[in-house]
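Working notes for the structure below.
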Amino acid sequence: MRVLILSINYWPEVTGIGAFTTYRAEYLAAAGHDVEVCTTFPYYPEWRTPAEYSGKIGLSEERNGVKIVRGYAYIPNRVTPPRRIVHEVSFVVTSLVRALLVRRPNVLFVVSPPLGLALSAILLSRLWRVPYVFDVEDLQPDSAGDLGMLPGWAVRLLYAVEKAAYRNAWLVTTLTPSMKKKIVDKGVPEEKVELIEPRMDDSLVDLSSEEGNAFREQHGFGSKFLVTHSGNMGIKQGLDVVLDAAALNRGDGSVVFVLVGDGADCERIRRRAAAMELQNVRFLPLLDQDGFRGLMAASDICLVTQQGSVSEIFFPSKIVTYLAAGRPIVASVNSNCEVARITRESKAGRVAEAENPAELLDAILELKDKDLDKLGDNARKYATLKWAPARVLAHLESSLMSAAGRETAGLVKEEMSQ
């Protein structure tokens, strides 16, 4: 099976969609399939291109059996809705040009956002007469509308593109039951929508106390009780609630809130923390693999935070990572969203109301007095049962092979008719 993946995010990005797409592509390549990824240069979540990629228009690489074709995309130094539109449109255009130069695949796997990639998928699918699978990682029109990021006409345009994407796709895949329900509620036949859940990083199951102690010593945390949040610091994460909870607890020197990563909202959050003179909040940049393992091993509680308006329309991969690492969690989210359900179902922590700092702090302090080792055991067992890599990735492979089989059968039928 020859698979062409269109995704704006890919290795060496280590968070969010980039990590998802990378492990999926490399699994397929390891299984013997011919896999090519059409992407841009790494930029996320810092919104900066590393020096080794800077100034390039195009580049071809190969990693772990996957051919990587990169094309230019505009990366704004300050992320605003208009600039983000230009960023996404530039990638859609250049990736389409780059895709036209690669070998014709049996199936397209198209990762959204950006939603605009659906237009490339429709065009390539018709040109090559191959099916495409549309993978929805974020319900982008809903996000834009709920957050008020775009004018009404632009949101309506996104919904029109979304409708065309679903109508023309051979299969629509997404991450959670609640996201699947939202897609079905938009009029997509239920049998056309499949769950392709994230996979846990099973390399995190063997974290050691020595790694945690080394991390604490390196960063001067000592025996502090560490409440950590790692990954993207964007608008949807609603990290103000963490600062406000820290402010409510500023008199307790035993607890430190650690925010690790980068993103479009990072600088504002840093400035606000400094203005609030929060001595119990620390910021760290994105960490390499060893550093991240140390962070996970050192964390007493890990946080998942979301703005209340977006809890149903995207799924933060960090909860999978936290549970795989055996970390207790506090989720500051809508009580009926997927993250809340997983938190309760796993028996690995507490749910606090989204954007409610007092409730977030109460949940943290309640867990502080609990058996954290027991909560961690619950977390790891749940992740292993639900997101085992072999099961999750085999399901993805099976779905793509079904789509590719449809394309192959069509070609055979056409050849026989000639």
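Only one of the listed residues (LEU248, LEU226, LEU259, LEU195) is at pLDDT 95 or above and surrounded by fewer than 20 Cβ atoms within 10 Å (Cβ to Cβ). That residue is LEU248.
Checked against the criterion of being part of a strand (DSSP E or B), assigned by TED's automatic domain parsing to the domain that holds ILE183, among the acidic types (Asp, Glu) and buried (at least 22 other Cβ atoms within 10 Å of the Cβ), region 127-136 has at least one qualifying residue. Of all residue pairs spaced 6 or more apart or on separate chains, those with beta-carbon atoms under 8 Å, a first member in region 330-357 that is surrounded by fewer than 24 Cβ atoms within 10 Å (Cβ to Cβ) and a second member that is part of a loop (DSSP other than H, G, I, E, B) and β-branched (Val, Ile, Thr) are GLU338/THR176.
May I ask you to verify whether ARG327 is in a loop (DSSP other than H, G, I, E, B) and more than 26 Å from TRP47 (Cβ to Cβ)? Yes. Among the residues of region 142-155, is any in a helix (DSSP H, G or I), surrounded by fewer than 18 Cβ atoms within 10 Å (Cβ to Cβ), among the small types (Gly, Ala, Ser) and at pLDDT below 95? Looking through region 142-155, at least one residue is in a helix (DSSP H, G or I), surrounded by fewer than 18 Cβ atoms within 10 Å (Cβ to Cβ), among the small types (Gly, Ala, Ser) and at pLDDT below 95. TRP170 fails exactly one of the following numbered conditions: (1) free of Cβ contacts under 8 Å to residues at least 12 places away in the same chain; (2) more than 25 Å from ALA340 (Cβ to Cβ). What is the number of that condition? Among (1) free of Cβ contacts under 8 Å to residues at least 12 places away in the same chain; (2) more than 25 Å from ALA340 (Cβ to Cβ), TRP170 violates only (1).
Quick grid of which residues meet (1) more than 14 Å from the chain's Cα centre (by Cα); (2) at pLDDT below 95; (3) under 25 Å from ASP138 (Cα atoms):
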residue	(1), (2), (3)
GLU13	no, yes, yes
PHE20	no, yes, yes
ALA25	yes, no, yes
ALA30	yes, no, no
CYS38	yes, no, yes
PRO42	yes, no, yes
PRO45	no, yes, yes
PRO50	yes, yes, no
GLY55	yes, yes, no
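If I filter region 68-104 down to residues being part of a helix (DSSP H, G or I) and touching a helix residue (DSSP H, G or I) at 6+ places or on another chain (Cβ under 7 Å), which single residue comes out as surrounded by the most Cβ atoms within 10 Å (Cβ to Cβ)? This residue is SER95. Taking (1) surrounded by fewer than 19 Cβ atoms within 10 Å (Cβ to Cβ); (2) farther than 19 Å from ILE17 by Cα in turn, ASN64 satisfies each apart from (2). Could you look through region 22-67, keep only residues that are part of a strand (DSSP E or B) and among the hydroxyl-bearing types (Ser, Thr, Tyr), and pick out the one that is farthest from ARG391 (Cα to Cα)? Filtering region 22-67 for residues that are part of a strand (DSSP E or B) and among the hydroxyl-bearing types (Ser, Thr, Tyr), the one farthest from ARG391 (Cα to Cα) comes out as SER60. Given the criterion under 23 Å from the mean Cα position of the chain (by Cα) and among the acidic types (Asp, Glu), identify the matching residue among ASP202, ASP252, ASP244. Exactly one residue qualifies, and that residue is ASP202.
The values are calculated or read from the model by the stated rules, or taken from the named source; none is laboratory data. These figures come from a predicted structure and were not determined experimentally. Virtual Cβ from ideal backbone geometry, glycine too; neighbours counted across all protein chains shown.
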